[in-house]
Amino acid sequence: MIIAYAKEIEERMQEFYSRLPEKNRRLYAGIEALKLAFGGVTYIAKLFNCSRNTVQFGIEALQEEETIDQNRSRRKGGGRKATLEKQPDINEVFLLLLTEHTAGNPMDETQKWTNLTRANISDLLAKKGFKASRNIVRQLLKKNGYVKRKPLKNKAGGGHVDRNAQFERIAELKEKYSAAGNPVISVDTKKKEQIGNLSREGKIYTTETVEVFDHDFPSLAEGVAVPHTVYDQTRNEAYVTIGTSRDTSEFACDSLRHWWYNYGIHHYTQATSILMLMDGGGSNSSRHYIFKQDLQVLADEIGVNIRVAHYPPYTSKWNPVEHKAFPHITRAMQGVVLTSHQLTKELIETATTKSGLKVFASILNRVYETGRKVMPGFKDSMRIVF
């Protein structure tokens, strides 16, 4: 009969065994079994709560040359076979089930999608006699090219006869202004945000669940934040003016005025003209004369010419501020309940990128009137060159 180790020694051996990877466990069990007389394999198997075969494999491995890669615990090909290998017909049945729940692009036969969830597919396969967890379904989807994606906003909703010519003109102007040391700014108003205890898209790490209103009705909001943004391409800096009223042409020009007096005039002391890139809608619409009137007032006030280059219709996403600043500002505010304009400002200023984007923000507490009309005679007296 084998004389067992002392209880304290056994506990230390068990603790050490539990810390080892699989291959080393077998070897250690084999070493300990060889130390003992007849019955050592049974004793060690019971002590380490493993099978006698595991101990025996360990003893045999000690007597053989190393055949397993140092980074592996088993020989290549070891372990249980994958479910897809044990059920070779599962992929064929899977594709057959999907044909009844698949839509596609009639212009592109390779573009298909299904409205089934992984749980739905798993249930359908079970009815056909196949055991398939949602993880197995995920493997089947990936194997057949089905990957979860969201639509990519990459197709223009329309066109314009001068689209290409305008892009070439904008590129020419940007190069000309940069060479002369004049500012090139991209301007637009980001989606307005409701201020108050309202839910917002995104997730954040919290120690407790943040409770908000169960509906996002505007009437429950305490205010609104209108982030008008001026993006300086040369300096890779964004200047956000957070309005608390409405997005009007007067507000847009006040935002530009704030940028010039607080930043632009200091960065471009020798500037003779400002190039503004913007889309053709919203508060800076290319069609509304009220914006031209407010812009004329601003140009007269700062004593610097302002040149506006509107992007062609349906191409607002090419406006640099749309992809150089807005996504990063959105990410900085993601999931946070905006309880005040000050919090919104602080979050916006945290937006940054690896390429060195800097964001500056300010709050503009002014009520803007809507429905303003152009002053009589402005169209005849305006000093605007088209």
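The values are calculated or read from the model by the stated rules, or taken from the named source; none is laboratory data. Quick caveat, the model's predicted, so the values are computed rather than measured. So basically every Cβ, Gly included, is an ideal-geometry build from the backbone, and we count neighbours across all protein chains shown. Calculation scope for accessible area: heavy atoms of the full protein, side chains included, ligands and nucleic acids excluded. Shrake-Rupley method; radii C 1.70, N 1.55, O 1.52, S 1.80 Å.
List every residue pair whose Cβ atoms sit under 6 Å apart, with the two residues 6 or more apart in sequence or on different chains, where the first one lies in region 265-277 and is over 15 Å from residue 237 (Cβ atoms) and part of a loop (DSSP other than H, G, I, E, B) and the second, anywhere, is aliphatic (A, V, I, L, M) and open to solvent by less than 70 Å² (accessible area, probe 1.4 Å).
271/304
Write out, first by first residue and then by second, each pair whose Cβ atoms fall under 8 Å of each other, whose residues are 6+ apart or on separate chains, and whose first residue, in region 53-65, is in a helix (DSSP H, G or I) while the second is open to solvent by 70 Å² or more (accessible area, probe 1.4 Å).
Cβ pairs passing all conditions: 54/25; 58/25; 58/31; 59/34; 62/31; 62/34.
Could you figure out which of (1) closer than 25 Å to residue 376 by Cα; (2) open to solvent by 60 Å² or more (accessible area, probe 1.4 Å); (3) in contact with a Gly (Cβ under 6 Å, 6 or more places away or on another chain) isn't true of residue 300?
Here residue 300 meets the rest and fails (3).
Of the residues that sit in region 226-250 and are over 16 Å from residue 319 (Cα atoms) and surrounded by fewer than 23 Cβ atoms within 10 Å (Cβ to Cβ), which one is farthest from the chain's Cα centre (by Cα)?
250
Of 158, 181, 196, which residue is of a type in the set (Gly, Ala, Ser) and touching a helix residue (DSSP H, G or I) at 6+ places or on another chain (Cβ under 8 Å)?
Details: 158 fails: touching a helix residue (DSSP H, G or I) at 6+ places or on another chain (Cβ under 8 Å); 181 fails: touching a helix residue (DSSP H, G or I) at 6+ places or on another chain (Cβ under 8 Å).
Every option except 196 fails the conditions.
Please pick out the residue among 75, 52, 80 that is modelled with pLDDT under 85, more than 40 Å from the chain's Cα centre (by Cα) and open to solvent by 50 Å² or more (accessible area, probe 1.4 Å). First the steps, then the outcome.
Numbers: 52 fails: modelled with pLDDT under 85; 80 fails: more than 40 Å from the chain's Cα centre (by Cα).
None of the other options fit; the residue is 75.
Among the residues of region 171-184, which ones are under 14 Å from residue 231 (Cβ atoms) and assigned to a helix (DSSP H, G or I)?
Of the residues in region 171-184, the ones under 14 Å from residue 231 (Cβ atoms) are 174, 183-184.
Of everything in region 171-184, just one residue is under 14 Å from residue 231 (Cβ atoms) and assigned to a helix (DSSP H, G or I), namely 174.
Across region 140-155, what is the number of residues that are open to solvent by less than 70 Å² (accessible area, probe 1.4 Å) and over 22 Å from the mean Cα position of the chain (by Cα)? Please lay out each step first, then the result.
Narrowing region 140-155 to residues open to solvent by less than 70 Å² (accessible area, probe 1.4 Å): 140-141, 144-146.
Of the ones still in play, those that are also over 22 Å from the mean Cα position of the chain (by Cα) are 140-141, 144-145.
Residues meeting the conditions: 4.
Name the single residue that is modelled with the lowest pLDDT among those in region 192-221 being open to solvent by less than 20 Å² (accessible area, probe 1.4 Å) and touching an Asp or Glu at 6+ places or on another chain (Cβ under 9 Å).
Of all residues in region 192-221, those open to solvent by less than 20 Å² (accessible area, probe 1.4 Å) come to 193, 195-196, 198.
Filter again for touching an Asp or Glu at 6+ places or on another chain (Cβ under 9 Å), leaving 195-196, 198.
Values: 195: 95, 196: 94, 198: 91.
Once the filter is applied, the top-ranked residue is 198.
Please state which one of 187, 224, 137 is in contact with a Lys or Arg (Cβ under 7 Å, 6 or more places away or on another chain), modelled with pLDDT of 90 or more and not in a loop (DSSP other than H, G, I, E, B).
Working: 187 fails: in contact with a Lys or Arg (Cβ under 7 Å, 6 or more places away or on another chain); 137 fails: modelled with pLDDT of 90 or more.
Criteria check complete, one pass: 224.
Mind checking which pairs have a first residue in region 7-27 that is closer than 18 Å to residue 60 by Cβ and a second that is open to solvent by 80 Å² or more (accessible area, probe 1.4 Å), Cβ under 9 Å, 6 or more apart or different chains?
That search, which allows pairs on different chains as well, returns 22/74; 23/72; 23/74; 26/57.
Cβ-Cβ under 6 Å, sequence separation 6+ or interchain: first residue in region 370-386 and without any contact (Cβ under 8 Å) to a residue 12 or more places away in the chain and of a type in the set (A, V, I, L, M, F, W, C), partner open to solvent by 70 Å² or more (accessible area, probe 1.4 Å) and in a loop (DSSP other than H, G, I, E, B). Which pairs?
Every condition considered, no pair remains.
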